[in-house]
1. For residue 151, are the conditions met, namely being of a type in the set (Val, Ile, Thr) and at pLDDT 90 or above?
2. Looking at (1) under 23 Å from the mean Cα position of the chain (by Cα); (2) not in a helix (DSSP H, G or I), can you tell me which one residue 2 breaks?
3. Report yes if residue 43 is modelled with pLDDT under 90, assigned to a helix (DSSP H, G or I) and at negative phi, otherwise no.
4. If I filter segment 126-148 down to residues being free of Cβ contacts under 8 Å to residues at least 60 places away in the same chain and not hydrophobic (A, V, I, L, M, F, W, C), which single residue comes out as surrounded by the most Cβ atoms within 10 Å (Cβ to Cβ)?
5. Filter segment 150-166 down to the residues that are touching a residue at least 12 places away in the same chain (Cβ under 8 Å) and assigned to a helix (DSSP H, G or I), then identify the one that is farthest from residue 44 (Cα to Cα).
Amino acid sequence: MKSPLAIVAIVVAVISVLFGSITWNSYNTFTRSEITIEEKYNVILSKLQLRSDATQQLVASINGLQTYASEIYEMVTTARTKYLNAVQSGDQTAINEAENDEVVALVAVLALVEAPIEGISVTGQYQTLLDSVLSFEYQLDVARQRYNEAVADFNASIRLFPRVLFASMLGFGTQKPYWEVSNQVTQLPVIAIG
């Protein structure tokens, strides 16, 4: 018959192996989730940059925009500058706000071009550029959804048992923020022309 000390040692060893295994698995799961979130975030930044570039080209393809709609032109250039500064800072909230400003400016440009205003015309490239911008909008929507799904998975994983016991201990206790689009994006801006 085994001594009580040997039984205790075996139980402690089994518990240690089990604890180590769960800790290892939890750490790797959290790390994979964070890497996935970073990848999804970088896809959004890439699409935002492409859309921003295409929007600048789109604005340049509208003859008379600077003269007849300086407010819109200012909105676009200010949004672009705000976006570039936000990306450089790496602040997700600032990037989100800059993206919202850029969408509002883009909607203003589209509304202006669709309204027949004397002195404003578009070049032949306008439709191609508009198609590109709209394509980037769709891609951004998909990228945002995928990012938010990855964030939801991570946030759930750090709150579910038994990983909740290890999340803070391993440095993963903070939930990740979702990518949110502001309500101002759904509203058409009011622009005084002339």
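The values are calculated or read from the model by the stated rules, or taken from the named source; none is laboratory data. On a predicted model such as this, the values are computed, not experimentally measured, just so you know. Reconstructed Cβ throughout: ideal geometry from the backbone, glycine too, with neighbour counts over all protein chains shown.
1. yes
2. (1)
3. No: the conditions fail for residue 43.
4. We begin by selecting, within segment 126-148, every residue free of Cβ contacts under 8 Å to residues at least 60 places away in the same chain; these are 127-128, 131, 134-135, 138, 141-142, 145, 148.
Those left that are additionally not hydrophobic (A, V, I, L, M, F, W, C): 127-128, 131, 135, 138, 141, 145, 148.
Values: 127: 12, 128: 14, 131: 11, 135: 14, 138: 10, 141: 12, 145: 12, 148: 17.
The selected residue is 148.
5. Per the stated criteria, the residue is 166.
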